[in-house]
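One structure is given here, and the rest of the page talks about it.
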Amino acid sequence: MAIKLYGVLVSTNALRVMACLAEKDLDYEFVNIDMRNKEHKSPAFLSRNPFGQVPAFEDGDLKLFESRAITQYLAHTYSDKGTNLIIHDPKKMAIVGVWIEVESQKFDQVGSKLAWELAYKPMFGMTVDEAVVEENEKKLEQVLDVYEARLSESKYLGSDCFTLADLHHLPVLKYLFGTKTKRLFDARPHVSAWAAEIMSRPAWVKASST
Amino acid sequence: MGLKLYGFVPSNATFRALVSLYEKDLDVEFVKVHMAAREHKTPQFLSRNPFGQVPVLEDGDITVFESRAITQYVARAYADKGNELMINNDPKKMAIQSVWMQVESQKFDIPSHKLAIELYYNVLHRGREVDEALVAEYKPKLESVLDVYEQRLKESKYLGGDSFTLVDLHHLPNVYYLMATEVKKLFDARPHVSAWAADILSRPAWVKIVSMLRSEGYV
């Protein structure tokens, strides 16, 4: 199979790519990386991603890493397959670009820290750091306040249709919604409706239940 | 033309956006935002960027914020002006360009920015005592990234491919600040990284930014 994704199913970064592959209706082989036995630090894996992180990706002889580079490659290269995840109008795409950066620079950093503390640490039997949780929930609330205002004017974050700007949030949302942090989303009606909508997309349901 | 960039000196994000406009030889009005007077938190500014941060680009009826969204907008909207800043005709090359653009954003930016603020701004410019714990935390993180860059630059003339692109440009402000501090040693110790840094810092568009910095009393 030409498309291969190397990672672990619990990784938010791997899930981000899987969400995109599902939206684009693309067949691929998932190759599990044995992280417990440090396979991600092996020379073979480092030749795929010199940072030794999952996921790594290949499409034929093209090897890529960084989930948001992979999704953008898929969205552009397979633009005629499955769901359209980008917009061809340059001015509208510039705005989508803004919100793609917002997810990357503002949402992901605090969202991932909270997911680590409240979702992953319990999975690994580690103790939650409540100070980190409190600090990051405050930061997340500031971001979600901006999202609430944005989503009261725009159906989706980047534009009036679903794009990568929304998709990139899905994996961290999945983990946060299984924790007490969900209440921050519930308290904001437009954010809450947007999250519920994108998480109910058939492609996401398929990708996240693998 | 109506290009306006809102920002302040020496904001690295502001310079990241501004240098892309200079690379494209565009006429832009640089509008200084008075941070000390909390201008960035006024309703008027928040209507431009709801996060209350610089830079913001206005181009006629379009408003763009987030420096890396601004540079990509500029590179595409003005593709036929000035220097080429993005590969846009070869899907495989574009994919590789995307990878290294993410690397700067996800891996390089945080440690380099933290060290730049501490060593270039707090210590060098403001004359404060160095926070050794912060430096000890972020220097090794930056070194790991530079080790990967050293390998990459052995195989590729520039980070994103064989020509200068936004991938390299996005590094300019933080690399410049760090070269004025003890962190320069980390770059000097890696010959390909060192040569690449010298190359990109010598570009005329960046030299224009340096004059702006110097005219405001920065090194």
- Diffing segment A:61-73: the Karplus 3J(HN,Hα) column from phi (6.51, -1.76, 1.60, θ = phi - 60°), in whole Hz with x for Gly and Pro, holds 9, 8, 10, 10, 9, 6, 4, 6, 6, 5, 5, 5, 4
- Query: For segment B:203-219, in order, what is each residue's ³J(HN,Hα) by Karplus, 6.51 cos²θ - 1.76 cosθ + 1.60 with θ = phi - 60°, in whole Hz (x at glycine and Pro)?
  - Reply: 5, x, 4, 6, 4, 4, 5, 4, 4, 5, 4, 5, 5, 9, x, 9, 6
- Task: List the equivalent ellipsoid semi-axes of chain A in whole Å, largest first, each obtained as the square root of 5λ for an eigenvalue λ of the Cα gyration tensor.
- Result: 27, 24, 14
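Report, in deg cm²/dmol and to the nearest 500, the calculated mean residue ellipticity at 222 nm for chain B, where each DSSP H run with n ≥ 4 adds -39500 (n - 2.57) and the sum is divided by the residue count. Can you show the working numbers first?
Values: 11 runs with 111 residues, N = 219.
Helix-only estimate at 222 nm: -15000 deg cm²/dmol.
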- Task: Amide H neighbours of B:Ser163 under 5 Å, at least 5 residues apart or on other chains, H built in the peptide plane: list them.
- Result: B:Tyr158
- Under a point-charge model restricted to the Cβ atoms of Lys and Arg (+1) and Asp and Glu (-1), what is the dipole moment magnitude of segment A:39-132 relative to its Cα centre, in debye to the nearest 20? 100 debye
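Considering only segment A:3-77, what is the antiparallel percent among its DSSP beta bridges, to the nearest 5? Mind dumping the intermediate values first?
Numbers: 8 of 12 bridges.
The antiparallel fraction comes to roughly 65 percent.
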- Query: Quick one: which bits of segment A:83-100 get at least 40 Å² less accessible when the partner protein chains are in, versus the chain alone, with a 1.4 Å probe?
  - Reply: A:Lys91, A:Ala94, A:Val98
- In terms of the ratio Rg/(2.2 N^0.38 Å) built on C-alpha atoms, what value belongs to segment B:125-169? 1.62
- More than 22 angstrom apart: percent of Cα pairs within segment A:78-174: 38 percent
- Message: Just to be sure I follow: if Rg is taken over the C-alpha atoms of segment A:3-77 and Rh is the Kirkwood radius over the same atoms, what is Rg/Rh?
- Response: 0.94
- Item | Computed over segment B:112-219, Kirkwood Rh from alpha-carbon pairs, angstrom | 14.5 Å
- Query: What is the antiparallel percent of DSSP beta bridges lying wholly in the protein assembly as shown, to the nearest 5?
  - Reply: 65 percent
- With a sphere of radius 13 Å drawn around the Cβ of B:Phe187, what net charge do the other residues whose Cβ falls strictly inside it have (Lys, Arg +1; Asp, Glu -1)? -2
- Using a cut-off of 16 Å between alpha-carbon atoms, which lysines can reach B:Lys208, once sequence neighbours fewer than 8 places away in the same chain are excluded? B:Lys24
- Which Cα, out of A:Asn49, A:Thr163, A:Ile86, lies furthest along the positive dipole direction of chain A (beta carbon charges, K/R +1, D/E -1)? A:Asn49
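Determine the share of segment A:90-208's accessible area contributed by carbon and sulfur atoms, expressed in whole percent, with a 1.4 angstrom probe. All intermediate terms of the calculation are to be shown ahead of the outcome.
Working: 2880 of 5050 Å².
Answer for segment A:90-208 is 57 percent, counting heavy atoms of protein chains only.
Of the heavy-atom accessible surface of segment A:3-77 (probe 1.4 angstrom), what whole percent is carbon and sulfur?
Its accessible area is 46 percent carbon and sulfur atoms.
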- Note on the structure: Debye calc, one equal point scatterer per Cα of segment B:1-74, no solvent, log10 I(q)/I(0) at q = 0.24, 0.25, 0.26 1/Å comes to -1.10, -1.19, -1.28
- Message: Sorted from largest to smallest, which semi-axis lengths in Å does the alpha carbon gyration tensor of the protein assembly as shown give for its equivalent ellipsoid, taking the root of 5 times each eigenvalue?
- Response: 32, 26, 24
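DSSP loop trypsin sites (Lys or Arg not before Pro) in segment A:17-97 with at most 10 other Cβ atoms within 10 Å of their Cβ, which ones?
Numbers: sites: A:Lys24, A:Arg36, A:Lys38, A:Lys41, A:Arg48, A:Lys63, A:Arg68, A:Lys81, A:Lys91, A:Lys92; in loops: A:Lys24, A:Lys38, A:Arg48, A:Lys81.
Here no loop site has a sparse enough neighbourhood.
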- Task: First select every other residue whose beta carbon is under 14 angstrom from the beta carbon of A:Glu135; then total the charges, Lys and Arg +1, Asp and Glu -1.
- Result: -3
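Keeping every protein chain present and rolling a 1.4 Å probe, give me the accessible area per residue for segment B:91-203 in Å².
Working: 4670 Å² over 113 residues.
Solvent-accessible surface per residue comes out at 41 Å².
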- Share of accessible surface on carbon and sulfur in chain B, whole %, 1.4 Å probe and ligands ignored, is 50 percent
- Cα-based Rg (one decimal) and Dmax (whole number) for chain B, in Å? 17.2, 50
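For B:Ser47 and B:Ala195 in one chain, what is 0.36 nm times their gap in residues minus the Cα-Cα distance, to one decimal in nm?
Working: separation 148, 0.36 × 148 = 53.28 nm, distance 4.21 nm.
Going from the current span to full extension adds 49.1 nm.
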- Item | Between segment A:110-161 and segment A:75-89, the Cα center-to-center distance that results, in Å | 28 Å
- Query: Could you give the distance between the Cα centres of segment B:55-132 and segment B:196-210, to the whole Å?
  - Reply: 14 Å
- Just the number, please: percent antiparallel of the DSSP beta bridges in chain B, rounded to the nearest 5. 65 percent
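Please work out the average accessible area per residue across segment A:58-210, using the 1.4 Å probe convention, and give it in Å². If you can, show how the numbers build up before the last one.
Values: 6510 Å² over 153 residues.
Here the per-residue accessible area is 43 Å².
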- Accessible area lost on pairing A with B, both sides, 1.4 Å probe, Å² to nearest 100? 2600 Å²
- Query: When the Karplus curve 6.51 cos²θ - 1.76 cosθ + 1.60 is applied with θ = phi - 60°, which whole-Hz ³J(HN,Hα) does each residue of segment A:179-193 get, with x for Gly and Pro?
  - Reply: 10, 5, 5, 3, 4, 5, 6, 4, 6, 10, x, 6, 4, 4, 5
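So what is the relative contact order of chain A, in percent, for Cα pairs below 8 Å that sit 6 or more residues apart?
Relative contact order of chain A: 23 percent.
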- Past 28 Å, Cα to Cα, is the threshold; run A:Lys92/A:Lys180; A:Lys155/A:Lys180; A:Lys139/B:Lys93; B:Lys92/B:Lys139; A:Lys180/B:Lys139; A:Lys138/B:Lys41 against it and keep the listed order. A:Lys92/A:Lys180; A:Lys139/B:Lys93; B:Lys92/B:Lys139; A:Lys180/B:Lys139
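The values are calculated or read from the model by the stated rules, or taken from the named source; none is laboratory data. The structure displayed is predicted, hence computed values, not measured ones. Heads up, the Cβs are rebuilt from the backbone with ideal geometry, glycines too, and the neighbour counts pull from every protein chain shown. Side chains included, ligands, DNA and RNA excluded: accessible areas come from the protein's heavy atoms. Shrake-Rupley method; radii C 1.70, N 1.55, O 1.52, S 1.80 Å.
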